[in-house]
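Asks: Provided herewith is a single structure, encoded as structure tokens, for subsequent inquiry.
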Amino acid sequence: MGGPGWCADRFALRVGGCVVAGLLVLAGCSAGGGGPASSVSPSPSPSAGSGAASAPVPGTTGASGVPLVPELDEAKQPRDAAGARALLERITAPPDAFGPGVVRSSPFESAPGRWPVLDQGCVWQTSGLPEDVLATVTRHFHLPAEGGRGRVLLTTTVTVHRDRAESGWETAHAMEEVLRCPHQVLRDDEEINNLLGASFYLGEQLNGWTEDAFNEFGEYLSEADGGPYRYVWYQAQFGPVTVAVAGKGAAGFTKQEIDALAVQGTSRLLLQAKLALAKGGA
């Protein structure tokens with residue numbers, strides 16, 4: 001995607017790191033939000049299928065002087081599904097990537113070749129992979145109930161698109177889904193409510209680590225686990241790859257604890273994507 005500007009064509013306008021759609025300003029922008037809309041001139045994002053988007057502006061460097069967002073080596077981008085699946089095997093998060101005590105769930109991996117679709121009734125369904133997606137994998141983890149606290153559910157999703165433009169559009173569509181459906185049904189016995197989201201391009205707010213960051217948060221309820229509890233979704237992008245971690249809270253856990261688990265997992269996945277696809281990487 002391009003810099004601050006129109007996101008998903010007409011869906012949302014980024015203003016100083018906040019997201020404005022119609023008259024709705026999403027929460028999350030109040031914590032250090034940017035200036036008024038009149039001070040920003042929107043610039044169009046590349047349209048879907050237009051080929052590779054322009055490279056992001058140089059990222060912030062860490063203490064060692066190494067860029068937190070390195071330069072993408074386009075020669076390393078997968079060109080077909082087989083190459084994308086091989087890349088997915090290199091971008092994984094072991095349970096300890098989230099923190100101590102996290103274990104694999106069973107079943108561990110969702111069925112390959114399936115893509116989540118939010119229908120017009122705000123109910124999640126599954127379909128085949130869209131044309132711009134070469135491969136995707138979702139894996140499931142949890143922090144077992146212990147010491148009077150409930151079970152925390154965690155999922156990771158890594159998706160390989162054909163190019164950077166298409167991975168940017170995935171972030172745009174995620175923002176549109178929050179605006180369209182602040183209440184969503186995951187399955188018959190699970191739902192998330194009061195969803196809010198924020199999207200930050202590289203250089204906006206405190207984002208110096210990913211080409212495009214998307215955060216979604218709300219309340220999770222289920223017949224099995226009760227609620228409402230904290231729900232978060234953290235998504236990041238490097239080149240044609242998006243990585244995301246969803247966290248579903250439980251009794252006895254603070255919002256900060258659930259957020260920390262998701263952030264740690266997302267950071268680990270994005271680091272592996274950078275190592276696999278950056279110039280000079282492995």
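Asks: For K279, which lysines qualify as cross-link partners when the Cα separation must be under 29 Å and same-chain residues fewer than eight apart are set aside?
Replies: Output for K279: K76.
Asks: Given a 1.4 Å probe and every protein chain left where it sits, what share in percent of the accessible area of the stretch 88-175 is carbon and sulfur?
Replies: Answer for the stretch 88-175 is 52 percent, counting heavy atoms of protein chains only.
Asks: Grab the beta carbon distance between T126 and E89, set R0 = 30 Å, and tell me the FRET efficiency rounded to 0.05.
Replies: My answer for the efficiency is 0.85.
Asks: So what's the net charge close to P130: Lys and Arg +1, Asp and Glu -1, counting the other residues with Cβ under 10 Å from its Cβ?
Replies: The answer is -4.
Asks: Quick check: pseudo-label points 7 Å beyond the Cα along Cα→Cβ at E71 and V263, how many nm apart are they?
Replies: 3.1 nm
Asks: Can you send over the carbon and sulfur percentage of the accessible area for the stretch 209-282, probe radius 1.4 Å, protein chains only?
Replies: Whole-percent figure for carbon plus sulfur exposure: 57.
Asks: In straight Cα distance, which lysines are under 24 Å from K255, not counting same-chain residues fewer than 8 positions off?
Replies: The reachable lysines, counting only those whose Cα sits under 24 Å from K255, number zero.
Asks: How would you order 120-131, 137-148, 176-187 from highest to lowest mean count of nearby Cβ atoms within 10 Å?
Replies: 176-187, 137-148, 120-131
Asks: Taking a ≥ b ≥ c as the square roots of the Cα gyration tensor eigenvalues, with a/c under 1.5 meaning rounded and otherwise prolate when a/b beats b/c, else oblate, which class fits the stretch 167-238?
Replies: Prolate.
Asks: In square angstrom, what is the accessible area per residue of the stretch 211-258 with a 1.4 angstrom probe?
Replies: 31 Å²
The values are calculated or read from the model by the stated rules, or taken from the named source; none is laboratory data. As the structure is a prediction and not an experimental result, all values here were calculated from the model. When we count neighbours, we look across all protein chains shown, and the Cβ atoms used for this are built from the backbone with ideal geometry, even at glycine. Each accessible area value is taken on the protein alone, full model and side chains, heavy atoms only, with ligands, DNA and RNA left out. Shrake-Rupley method; radii C 1.70, N 1.55, O 1.52, S 1.80 Å.
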